[in-house]
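**Q** Shown below is the structure under consideration.
Every number here is computed from the coordinates shown, using simple stated rules; none is lab data. Just so you know, these numbers come straight off a predicted model, no measurement behind them. As a convention, Cβ positions derive from the backbone with ideal geometry for all residues, glycine included, and neighbour counts pool all protein chains shown.
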Amino acid sequence: MKTRTNERLFTQANKVIPGGVNSPVRAFKSVGAKPIFIEKAKGVMLQDADGNRYIDYCLSWGPMILGHANKAVLDEVKKTMAKGTSYGIPTALETTLAEMIVAAVVSIDKVRLVSSGTEAVMTAIRLARGATGRDKVVKFAGCYHGHVDHMLVQAGSGLTTLGAPSSPGVPKDFAKHTLLAPYNDLEAVKKLFDRHGDCIAAVIIEPVAGNMGVVCAKKSFLKGLRTLCNKNKSLLIFDEVISGFRVAWGGVQKLLGVKADITTLGKIIGGGFPIGAIGGKASIMRRLSPEGAVYQAGTLSGNPVCVAAGIATLKQLKTTNPYPRLEAMTIGLCTQISEILNAKGIEHTINQIGSMFTLFFNPHPVTDYDTATKSDTKKYASYFRQMLNAGIYLPPSQFEANFLSTAHTEGHVRRTVAAVRQVEL
Ligand SMILES: *Cc1c(COP(=O)(O)O)cnc(C)c1O
């Protein structure tokens, strides 16, 4: 693997960009490596500035479910772009994307488009607070909801203690409205409701967690949250920015039959362009401005190019229904990785749902943040670097999800499995 140009570009970037990257995980810090700089991508293949090519299992952190530079998406983007790139005035495209989302996600009657997942969560929380007249929000340790101030609250504060900010710059007064519970622990949530029930505006959760590595919520847990929220007149927010249109057409809600009051989407619905969305029941959504008093706005919200890419992506997913094939291929890959590691005597756990999975270097089941963080991150770092050298690009952290796309084939899976066989840990 050649690295000279990548290294030069990183040095150059570091002079003008904090840490040389525009999002922290891209720096490869947790895997003890220096970042690669991408020149171009097509299908599953990434090519870096040194000309190295990689099979991509990160897919821009999830959005590229059709692979890179998908022809139908690019055609739609080019056609739209030629007519101008932003008007700040409504377009029919926005209604089309909204209609597709409403048709796909059972709990969504109306949807507002924004420019990122973070923005979607920020709005969802404001909306929940505005709708309930309450301030507190329950979140789960290990769930990531973008870099919204009140969501940057870490684990370890104990079940009923108030959240402490996990980043400088977040006022304690913000974080104190965030209540923390362990993922998959309904008893802990019950205790929070016993104590703060009439102050809790919402419970927010990734119904399939992708940001502590893949961790699935138990169906009984999600159902329990639904019941608790109903009983206490709190809202249930599903952050499906990763899982929406990834684990199934219509997301986790479709898969498990538990409905959220508010859903946040992003990633896939922008087809590789910046986007986010907040959707929910009409009675809640009507509280957003200009219909209601909860303020929300955005200069580039519903940008025609982003929306066109999203529509083209969702159309292909709808017409081709790739989900069963994606899942079968992912299960096949995970099974083979597991067999190889078992034969090598390397302790591990693989969590998989649909076309997303995480290989944890952890002998025990991973069901929440505590168990996830007991994984051997040094081993993961070594695994990552060896796979990178072998031309396989994995997420550069133990606590992230791997994704497959419709551009992945059995041939790519075979090459990946062959690379795993060569790994020494
Ligand atoms: C990626 C992600 C976000 C943040 O989305 P951005 O577009 O990066 O702001 C929020 N929630 C979840 C579950 C995510 O995976």
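**Q** Using a simple charge model, +1 on the beta-carbon of Lys and Arg, -1 on the beta-carbon of Asp and Glu, nothing else, what dipole does the range 71-320 show about its Cα centre, in debye to the nearest 20?
**A** Result for the range 71-320 is approximately 420 debye, rounded to the nearest 20.
**Q** Excluding same-chain residues fewer than 8 positions from Lys78, which aspartates and glutamates have a Cα within less than 19 Å of its Cα?
**A** Glu94
**Q** Right, another one. Take every DSSP beta bridge with both residues inside the range 71-320 and express the antiparallel ones as a percent of the total, to the nearest 5.
**A** Here the antiparallel bridges make up roughly 45 percent for the range 71-320.
**Q** Continuing with this model, one more query. Give me the one-decimal nm value for the distance between modelled label points at Thr85 and Glu99, 7 Å along each residue's Cα-to-Cβ direction.
**A** 2.8 nm
**Q** Under the rule of -39500 (n - 2.57) per DSSP H run of 4 or more residues, summed and divided by the residues of the chain, what mean residue ellipticity at 222 nm is obtained, to the nearest 500 deg cm²/dmol?
**A** Here the helix-only value at 222 nm equals -11500 deg cm²/dmol.
**Q** When ranked by the protection proxy of mean other Cβ atoms within 10 Å per residue, highest first, what sequence do the peptides 314-320, 303-309 form?
**A** 303-309, 314-320
**Q** Here's a follow-up. I'd like the distance between the alpha-carbon centres of the range 166-240 and the range 320-374, rounded to an integer number of Å.
**A** Going from one Cα centre to the other spans 25 Å.
**Q** Which FRET efficiency value, to the nearest 0.05, do you get for Lys176 and Gln422 by plugging their Cβ-Cβ distance into 1/(1 + (r/R0)^6) with R0 = 45 Å?
**A** 0.35
**Q** Using every alpha carbon pair in the chain, what percent of pairs falls into each 10 Å bin from 0 up to the bin containing the largest distance?
**A** 5, 22, 31, 27, 13, 2, 0
**Q** Considering only Cα-Cα distances, which of the following residue pairs are longer than 18 Å: Lys2/Lys34; Lys190/Lys223; Lys136/Lys233; Lys136/Lys281; Lys136/Lys259; Lys176/Lys281?
**A** Distance filter (> 18 Å) returns Lys136/Lys281; Lys136/Lys259; Lys176/Lys281.
**Q** Next up: Applying a 10 Å radius around every beta-carbon, put 399-410, 77-88, 98-109, 185-196 in order of their mean neighbour count, most first.
**A** 399-410, 98-109, 185-196, 77-88
**Q** Within the range 360-377, find all residues whose amide N lies under 17 Å from a label point positioned 7 Å from the Cα of Lys344 along Cα-to-beta-carbon.
**A** 360-363, 376-377
**Q** A follow-up question, please. With the Cα gyration tensor of the range 71-320 giving a ≥ b ≥ c as the square roots of its eigenvalues, does the rule (a/c under 1.5 for rounded; else a/b larger than b/c for prolate; else oblate) give rounded, prolate or oblate?
**A** It is prolate, given that a/c is not under 1.5 and a/b is the larger ratio.
**Q** For the range 11-64 and the range 241-256, write down the distance between their C-alpha centroids in whole Å.
**A** Centre-to-centre distance over Cα atoms comes out at 27 Å.
**Q** Among 336-345, 231-240, 363-372, how do they line up by average Cβ neighbours within 10 Å per residue, starting with the highest?
**A** The most tightly packed comes first, giving 231-240, 363-372, 336-345.
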